[in-house]
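Data first, discussion second: the structure below is written as structure tokens.
The values are calculated or read from the model by the stated rules, or taken from the named source; none is laboratory data. As the structure is a prediction and not an experimental result, all values here were calculated from the model. With ideal geometry, Cβ positions are generated from the backbone for all residues, glycine too; neighbour counts draw on all protein chains shown. To get the accessible areas, we keep the full protein, side chains included, count just its heavy atoms, and leave off ligands, DNA and RNA. Shrake-Rupley method; radii C 1.70, N 1.55, O 1.52, S 1.80 Å.
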Amino acid sequence: MSGLIGRKLGMTSIYDQAGNQIVCTVIEAGQNVVTQIRTEEVDGYSAVQVGYGEKKEKRTTKALKGHFAKAGTTPKRKLVEFRDYDLEVSLGQEISVSDLFEQGERIDVVGVSKGKGFQGVVKRHGFGGVGMQTHGQHNRVRAPGSIGQSSFPSRVFKGTRMHGRKGNDRVKVKNLQIVQILPEHNLILVKGAVPGPKGAFLELHKK
């Protein structure tokens, strides 16, 4: 499955020929550079590693400096490997949006969702609370209620819906339609929302 690395710029809306409004996400997928080509003979699997986004050289380790120098490119902020690449590529080659994607096709978008911090069960799992306060209850409206067992098994089962960290997870949104491609600006517009805040890195996987 081949793909590119992009960056979420925000959301907008466009109109189709019938006048219907289409809400879409604007993704900048500029010149992705091939930084490494893995083969079955050397690495045990075939894949293409691409880099995206400029990174200051002083913030790059010596090992990565050598890695990028071998590919003949500047240090990149994001590196992603794609298996079974559709294009015939060479080390140091630049790949643009129009080289891989076409308008109307569907892709999978992978990103890291927005972090919501430590949340209770009402916000994290949609619990309704205990309803009206009565019979002397105090600050129990948004409490989870009983979670444990009695003398057997005397523990909390794994996977019990409780409070904890919400968001900041790797999320894949499947079958998003490409509404429009602007090759002169390296932009791609996909129908619907994608995970992550503005400026977040995204993986665009070709189906």
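Quick notes on this structure:
- Of the residues Gly199, Ser46, Gln103, the one whose Cα sits farthest toward the positive end of the charge dipole of the chain, with +1 on the Cβ of Lys and Arg and -1 on the Cβ of Asp and Glu, is Gly199.
- Computed over protein heavy atoms with a 1.4 Å probe, the accessible surface of the range 113-207 works out to 69 Å² per residue.
- Rg ratio for the range 88-207: its Cα radius of gyration over 2.2 N^0.38 Å, N being its residue count, equals 1.67.
- Rg/Rh for the chain (Cα atoms only, Rh after Kirkwood) is 1.13.
- Helix axis angle, 62-71 relative to the chain longest principal axis, alpha carbon, degrees: 50
- In the context of the full set of protein chains, the range 51-108 has a per residue accessible area of 65 Å² (1.4 Å probe).
- Interchain or long-range residues, amide H under 5 Å from Asn168's placed H: Ser113, Lys114, Gly115, Lys116
- Viscosity 0.890 mPa s, temperature 25 °C, Stokes-Einstein D of the range 48-150 from Kirkwood C-alpha radius, µm²/s: 126
- The tail of the calculated P(r) for the range 1-83, taken as Cα-Cα distances beyond 14 Å, holds 70 percent of the pairs.
- Per-residue [θ]222 nm for the chain (sum of -39500 (n - 2.57) over DSSP H runs n ≥ 4, rounded to 500): -2500 deg cm²/dmol
- Apportionment of accessible area to carbon and sulfur, the range 1-105, percent (1.4 Å): 45
- Anchor Lys207: lysines whose Cα lies under 19 Å away (excluding residues fewer than 8 positions away in-chain): Lys172, Lys174, Lys191
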